[in-house]
Structure formats: C-alpha cells, structure tokens
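Note sheet for the following structure.
Read-outs throughout are calculated quantities, based only on the coordinates presented, and are distinct from any laboratory measurement. Because the structure is a prediction, the values reported are computed rather than measured. Glycine also receives a Cβ, built like all others from the backbone with ideal geometry; neighbour counts cover every protein chain displayed.
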Amino acid sequence: MCSTPRDLAASGRGVVLTTHYLEEADALADRIVVLHQGRVIAEGTPSQITSLVPGPGITAESSLAVSEAGGWPGAHHAQQDGTRLELLVSEPEPVLRELLHRDHSVSGVTVTQPTLDDAFLTLTSDHLRRRAGPGRGCDHLHAGHLRRVRCDRVLCAAGHPLTVCGSGQAS
C-alpha cells in the first residue's frame, strides 16, 4: 500500500482516495462513500459500512440438522452443504458454545467477520434488487456476463427483509 496518503492525512490535509481495492480503503480511510451507478448508496466509517451486512459467519463440519441449528438464539440464517453447516449469527460466542455442546464431533470450525468487500458486494447487489422489486428481473454480473434473474422479497427467520435472487439466463 502507498504511504503517501497516510503521510498527507497525518499532516492534517484532507485526502480523497478513489479505489477499487477495498482492503486499501479499509486501511487508509476514516470515512468511506460507496457509489453504485453514480449514486451514493452508503457512507460512514469502515466499521459502519461493514456493520450494514449480515455476519459474523460460522462454518463447521457437523452432524446437526440445519433446522436445529437455525433455531438457536442468535442464529439468523442456517444452511447445509453435505456435512458443512453454515450459520449467520449476531454474536458468534453463544452460538459456538451451543454448537460445541450439542455436537461433540464437530470439526473444522471457522468464524469470519464481514469485510468491506462483503459489504460492497452486498450493498451493490441489494441496491440492484431493490430497484428491480419483487418478482421482476435484476441485472447481475456473473463471470463477466450480465444476466437477468428473478428476485423476490422474503422475511428471514429473525423477521428481517431479504431479497432472494434465482439464477437466470444471459440476457
């Protein structure tokens, strides 16, 4: 990373940094403005921006049913891929304690915090979904191709609105 913006900011000067490297923005910026299609869709400190997305996440190899884990206090979303259990939680510690208490053979436990990259991707894709509205198409970039997909608004287990987008054909 470049040290010049840090040096300028340290000397009391204001610095406007435009970048697609969100790790760099996270390290250098006191305030971030997220632009999408020429419009401001979020602004704040790096931690304020990352707090706008779901997380933290817990993944683990577990024999527990997704329906059981998804019902625990603090677990907002649960899904399973084979034996891999994936949870979005409000606070990881109580959910981890419950997981370890209920599944003594659990392994490969990983806890992740949302990053600025996660926030940017969530915010920009959610912005597209909100514009499209329920049951209408959204434009998404997938593997470098613009695709039209169907999107619907639903409520998650915690009662928060989510937009679910299905896969579509290239338009």
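In contact with a strand residue (DSSP E or B) (Cβ under 9 Å, 6 or more places away or on another chain), of a type in the set (S, T, N, Q) and surrounded by 15 or more Cβ atoms within 10 Å (Cβ to Cβ): is that true of GLN113 in this structure? For GLN113, the condition - in contact with a strand residue (DSSP E or B) (Cβ under 9 Å, 6 or more places away or on another chain), of a type in the set (S, T, N, Q) and surrounded by 15 or more Cβ atoms within 10 Å (Cβ to Cβ) - is not met. Considering (1) over 24 Å from ARG6 (Cα atoms); (2) surrounded by 12 or more Cβ atoms within 10 Å (Cβ to Cβ), the lone condition that ALA29 does not fulfil carries the number (1).
Can you name every one of the strands (runs of 3 or more DSSP E) wholly within region 1-110 that holds 1 or more residues which are under 23 Å from the mean Cα position of the chain (by Cα) and over 22 Å from THR122 (Cβ atoms)?
Numbers: elements: 32-36, 39-44, 57-61, 75-81, 84-89.
Strands (runs of 3 or more DSSP E) meeting the threshold: 57-61.
Restricting attention to region 56-90, the residues that are of a type in the set (Val, Ile, Thr) and crowded, with 21+ Cβ neighbours inside 10 Å total 2.
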